[in-house]
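The values are calculated or read from the model by the stated rules, or taken from the named source; none is laboratory data. Since the model is a prediction, treat every value here as computed from it, not as a measurement. Note that we place each Cβ from the backbone using ideal geometry, even for glycine, and neighbour counts take in every protein chain shown.
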Amino acid sequence: MKIILTSEVTGLGGPGDIVEVKDGYGRNYLLPQGFAIPWTRGAEKQVVSIKRARAAREIRDLGQANEVKAQLEALKVSLSARAGAGGRLFGSVTPAEVVDAVKAAGGPELDRRRVELPGHIKSLGQYEVSVRLHPEVTAKFSLNVVPAKK
């Protein structure tokens, strides 16, 4: 099955890429989740606008990605969340909340779609979060989830 990716899919490609995938993977996962659209000649014309939007958001080059990586790895990121008595959170930590916490800690502006959490964060503690800054550069930083003050 030939599809056009509309968002970053790890191990497959980025927005605007035309890829060939197995029918079940495309039909049952990529299309319903909104990660891709079916390939047609008309849709292929949309690839130009998808790639233009991607270029505006993307980190420009490898040097800039390494600078942002150094910035992120030097940060001490702390996120306060509502938690119960046993340290379990009410809900879970989302990539958007991580991006806001990085910005509050004085870090760079990140795209929430590039943040990879280590599973679902549903309790207080220290977690290792990775961010795909560039196809060749992935930054890892420590996220400390602390209870919110009442």
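General remarks:
- The stretch 115-142 - residue that is touching a helix residue (DSSP H, G or I) at 6+ places or on another chain (Cβ under 7 Å) and not in a strand (DSSP E or B) and, of those, surrounded by the fewest Cβ atoms within 10 Å (Cβ to Cβ): E136
- Residue within the stretch 84-94 that is within 25 Å of K140 (Cα to Cα) and either among the aliphatic types (A, V, I, L, M) or outside the structural domain of R132 (by TED's automatic domain parsing) (or both) present: yes
- Flag for V93 being under 18 Å from the mean Cα position of the chain (by Cα), more than 24 Å from L12 (Cα to Cα) and modelled with pLDDT of 90 or more: yes
- Residue, surrounded by the most Cβ atoms within 10 Å (Cβ to Cβ), within the stretch 26-46, restricted to residues that are in contact (Cβ under 8 Å) with a residue 12 or more places away in the chain and more than 19 Å from R113 (Cβ to Cβ): G26
- Any hit, the stretch 142-149, residues being hydroxyl-bearing (S, T, Y), outside the structural domain of G14 (by TED's automatic domain parsing) and under 12 Å from the mean Cα position of the chain (by Cα): no
- Residue in the stretch 58-68 that is surrounded by 15 or more Cβ atoms within 10 Å (Cβ to Cβ), closer than 21 Å to K149 by Cα and among the small types (G, A, S) present: no
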